[in-house]
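What follows is a set of notes on a single structure, which appears directly below.
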Protein chains: 2
Amino acid sequence: MKKLINSAGSVVTDALRGMAAAYPGLRVDEENRVVSRASGPRAGKVGLVSGGGSGHEPLHAGFVGYGMLDAACPGEIFTSPVPGQVVTAATGADGGAGVLFVVKNYTGDVLNFELAADLCAEEGVEVRSVLVDDDVAVRDSLHTAGRRGTGATLFVEKIAGAAAEGGAPLPEVLRVAEEVNARSRSFGIALSACTTPASGRPTFELGETEIELGIGIHGEAGRTRSTMRGARELVAVAMDAVHDDMPVSGDTLVLVNGMGATPLIELYVVFGEVAEYLRGRGARVTRSLVGGYVTSLDMRGFSVTVCLLNEELLRLWDAPVETPALRWGR
Amino acid sequence: MKKLINSAGSVVTDALRGMAAAYPGLRVDEENRVVSRASGPRAGKVGLVSGGGSGHEPLHAGFVGYGMLDAACPGEIFTSPVPGQVVTAATGADGGAGVLFVVKNYTGDVLNFELAADLCAEEGVEVRSVLVDDDVAVRDSLHTAGRRGTGATLFVEKIAGAAAEGGAPLPEVLRVAEEVNARSRSFGIALSACTTPASGRPTFELGETEIELGIGIHGEAGRTRSTMRGARELVAVAMDAVHDDMPVSGDTLVLVNGMGATPLIELYVVFGEVAEYLRGRGARVTRSLVGGYVTSLDMRGFSVTVCLLNEELLRLWDAPVETPALRWGR
């Protein structure tokens, strides 16, 4: 295993130190492992807090900033943040209008964010949670009851973040977040597994021509193993899975996401095929992102996430955002 | 070789098709392989044109847009664009104030851009060229006489692009571009080679604990082979090479660049060490970028580029930019 790290035990801390040096707009509390806006909470604004295991960068800390998250709490690699950490993030993000937790549907995250919400209530901070479960690949898995939360997390954070920034009250921010999740589906394909720093070995083994269909973002295996083929066919597999579950139509927001070690030129190729697929079903790419946004360490492969837009969601997507990983229009 | 492509021969075309679908702000001429601003040239503004082999995405086409390039011409993988292609880009980008070519110092690029400049002169388009040669690793190489052009290309394109957008005349845009190059140095380290779609094999082989120091961006081997070590020590190797050549001090603009298959969490770790190194020499990280910007297909590793800022360059760096890969402040 060759990784650009100092030691397996210090990866998360060292990465946070790097974020602190690179992004003056962030306040990085290395001790409590909370990344928040340097400007602090805004009075009367709903706070948006997310978190989860590390290894998915830029998710979540890279989405902290104006128009998106107020705070993120990174756990160890692929390990949920602890409740105390979430509470620190939430109390720091509360501007008096309550806090929305954006939680990916993984058992550990769900439990710890629930505990944190209870603790927050005791401290007088009103908390609501949205559970993101967009991955159509598996119904239940080693890490989940129900669907996993993957690429749509970014959509939820951006769109609910814009609602919160615009002054929407907590029930309204929650409604928007749930709507984004309800209108989003994802499917991922891996050409290689990822290797965690602690284990030093790939989480599963793929042969020279094998691929894994329907992977999650924690190195867990997917729906089924298959053989390598061209980008167009792989996109058809992914998009058929999405389309079977939620027929695509009208205006769509599309994320073609690299899993961490996927060259951008390959993601461009994939995006071209996804756009073609959507056109073939009478749907339009109205907004899009191409790049590594919800990654899985050094996994090779891609996921595609489609959100069926309506006027409100489009307006909120277009609203200004200023974070390390997403930035436009302010 | 597992890659998300349709065929080795169609990669560049398919990727351009994807860019066209993803970025409505770009005009993608697939036939002539020219990517330009959808808005066309602006009368009286100096046009900025760059190009080079594909495989370095988002460089260069991802930097086409307001405040940066007017057009880019991607060649085949790691292969210079042909002169006719460059001429098409240049004549399309000319707003009557002449065109600056941003050329990375590789023999093929230098030749073809020179030929293109001659052809443009015949067509009445005034052209100047800036040669980027920031890589301190090797003096001459298989592909270069003198130093190679790598990460600083992005700095030159952004800063000269801002000068052009602000209405500076051609000699002034050239002066700024040359100043950025003169004040910038880079060094890269690979944990693995890259594999071109056409060959299907890594461009060089590294053992389990081997790394390559001083790599370029075309899969060529570097200055020397060495053994893997921690991020802090690797950064010291890279930064010592930069610092020996151009002592770091004062305000710096720093790019910690992933080579194409490097997870972002590792780049954060590297960035933390680079910032620490600079602090130790009395220099400051005044502006920075962390991510895959000047890549080498699926190579693993990083490069670091340092530019010694002055007031003018900082102002131009901060100026608004709106391209697929860099976007802020408009």
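The values are calculated or read from the model by the stated rules, or taken from the named source; none is laboratory data. As the structure is a computational prediction, the values presented were derived from the model and not from experiment. Cβ sites come from the backbone with ideal geometry, for glycine too, and all protein chains shown count toward neighbours. Surface areas here come from the heavy atoms of the whole protein model, side chains and all, with no ligands, DNA or RNA. Shrake-Rupley method; radii C 1.70, N 1.55, O 1.52, S 1.80 Å.
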Restricted to the stretch B:282-306 and to residues being part of a strand (DSSP E or B) and β-branched (V, I, T), the residue nearest to B:R232 (Cα to Cα) is B:V304
For the stretch B:287-320, give me each residue that is at the interface with chain A (Cβ under 10 Å from one of its Cβ atoms) and β-branched (V, I, T).
B:V290, B:T295
Wholly inside the stretch A:1-107, strands (runs of 3 or more DSSP E) that include 2 or more residues that are open to solvent by 10 Å² or more (accessible area, probe 1.4 Å) and of a type in the set (A, V, I, L, M, F, W, C) are A:26-29
Please work out which one of (1) part of a loop (DSSP other than H, G, I, E, B); (2) in contact with a strand residue (DSSP E or B) (Cβ under 8 Å, 6 or more places away or on another chain); (3) under 30 Å from B:T88 (Cβ atoms) is the condition B:T153 fails and give its number.
(1)
Residues located in the stretch B:277-297, provided they are touching a residue at least 40 places away in the same chain (Cβ under 8 Å) and under 21 Å from B:R229 (Cα atoms):
B:Y277
A:R232 - would you say it is open to solvent by 10 Å² or more (accessible area, probe 1.4 Å) and more than 13 Å from chain B (Cβ to nearest Cβ)?
no
Just one listed residue, out of A:E126, A:E122, is touching a strand residue (DSSP E or B) at 6+ places or on another chain (Cβ under 9 Å), among the acidic types (D, E) and under 26 Å from A:E30 (Cα atoms), and it is A:E126
Looking at the stretch B:126-170 only, could you name the residues that are more than 19 Å from B:G55 (Cβ to Cβ) and surrounded by fewer than 19 Cβ atoms within 10 Å (Cβ to Cβ)?
B:E126, B:R128, B:S129, B:R139, B:D140, B:A145, B:G146, B:G166, B:G167, B:P169, B:L170
In the stretch B:143-151, is there at least one residue being at pLDDT 95 or above and hydrophobic (A, V, I, L, M, F, W, C)?
no
How many residues of the stretch B:268-281 are at the interface with chain A (Cβ under 7 Å from one of its Cβ atoms) and crowded, with 24+ Cβ neighbours inside 10 Å? The answer is 5
Go through the stretch A:245-271 and report how many residues are of a type outside the set (F, W, Y) and free of Cβ contacts under 8 Å to residues at least 40 places away in the same chain.
8
Restricting the search to the stretch A:307-317, which residues are assigned to a helix (DSSP H, G or I) and within 17 Å of the chain's Cα centre (by Cα)?
A:W317
Among (1) over 20 Å from B:L4 (Cα atoms); (2) more than 19 Å from the chain's Cα centre (by Cα); (3) outside any helix (DSSP H, G or I), where does A:E172 come up short?
(3)
